[in-house]
Amino acid sequence: MNKLIRQEIFERFRAANPHPTTELNFNSPFELLIAVLLSAQATDVGVNKATAKLFPVAATPQAMLDLGLEGVMEYTKTIGLYKTKSKHIIETCRILLDKYNGEVPQTREELEALPGVGRKTANVVLNTAFGQMAMAVDTHIFRVANRTKIAPGKNVREVEDKLMKFVPKEFLLDAHHWLILHGRYTCKAQKPLCERCIINDLCEYPAKAVP
Ligand code: SF4
């Protein structure tokens, strides 16, 4: 895929959705970090349901620690792997208070050193909470990048590196949201909705349905 086609793809994404953002609900970097920690192998809808009750009582690391592990689990028990995730939340809150004065750190190294925080979670926080150019490649982005050939790669890291290199700079901040939303609602894993896809004519997926 050449540069001009990538440019056109992201221009169409931007025209269709000028201000994309995550579907996770949050009011602060701390809340986003907690929501992303809970979101592994869970739906955003499921996480939002839990955090709608959790955040009003625990919107800071101290309030989360005051709630305690048992208290946090009461709010998270509807989410898969909630015991491990809740333990990570408590440990993370302790570190935020001990090392960062209760704030969420703004570097990849510091974020990835927090319990339960991997490269993808760090990328979401860097991008969505702090406005840094980072690409959190999830299953949706991996699929869309490979099918369309915007950034084909054998693993998530290869796709991430290619997206950072190939997505035109003016779109880099929002590209991750557009690609996730496109994968979630149009370029679905099973039965992609090619007929109503706004980038159908630019997509290089050999099996795409042409309207
Ligand atoms: S044309 Fe089909 S395969 Fe290509 S991006 Fe659109 S939905 Fe996905």
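The values are calculated or read from the model by the stated rules, or taken from the named source; none is laboratory data. In this text, all values refer to a predicted model and were calculated from it rather than measured experimentally. When we count neighbours, we look across all protein chains shown, and the Cβ atoms used for this are built from the backbone with ideal geometry, even at glycine.
Residue by residue, here is whether (1) touching a Lys or Arg at 6+ places or on another chain (Cβ under 9 Å); (2) touching a residue at least 40 places away in the same chain (Cβ under 8 Å) holds:
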| site | (1), (2) |
| --- | --- |
| Glu110 | yes, no |
| Lys120 | no, no |
| Phe130 | no, yes |
| Ala145 | yes, no |
| Val156 | yes, no |
| Ala175 | no, yes |
| Thr186 | yes, no |
| Gln190 | no, no |
| Lys208 | yes, yes |
Any hit, region 137-144, residues being under 15 Å from the mean Cα position of the chain (by Cα) and closer than 16 Å to Glu8 by Cβ:
yes
May I ask you to list the residues in region 144-177 that are more than 29 Å from Glu103 (Cβ to Cβ) and surrounded by 21 or more Cβ atoms within 10 Å (Cβ to Cβ)?
Val144, Ala145, Thr148, Ile150, Ala151, Val159, Val167
Scan region 27-34 and give yes if some residue there is of a type in the set (Val, Ile, Thr), surrounded by fewer than 16 Cβ atoms within 10 Å (Cβ to Cβ) and within 19 Å of Val137 (Cα to Cα), otherwise no.
no
Restricting attention to region 81-89, does a residue exist that is at pLDDT below 95 and small (Gly, Ala, Ser)?
no
Lone qualifier among Asn200, Asn155 - being within 9 Å of the ligand (Cβ to nearest atom) and modelled with pLDDT of 95 or more:
Asn200
Within the group Thr121, Thr107, Thr84, which residue is over 23 Å from Asn48 (Cβ atoms), out of contact with any Leu (no Cβ under 6 Å at 6 or more places or on another chain) and either buried (at least 16 other Cβ atoms within 10 Å of the Cβ) or of a type in the set (S, T, N, Q) (or both)?
Thr107
Taking region 70-81 only, how many residues are surrounded by 17 or more Cβ atoms within 10 Å (Cβ to Cβ) and among the hydroxyl-bearing types (Ser, Thr, Tyr)?
2
Any idea which of (1) assigned by TED's automatic domain parsing to the domain that holds Arg12; (2) free of Cβ contacts under 8 Å to residues at least 24 places away in the same chain is the one Leu163 doesn't satisfy?
(2)
With the condition kept exactly as written, say whether any residue in region 171-178 is over 16 Å from Ala15 (Cα atoms) and either charged (D, E, K, R) or more than 9 Å from the ligand (Cβ to nearest atom) (or both).
no
Wholly enclosed helices (runs of 4 or more DSSP H) of region 1-77 bearing at least 2 residues of a type in the set (A, V, I, L, M) and in the same structural domain as Phe171 (by TED's automatic domain parsing)
3-16
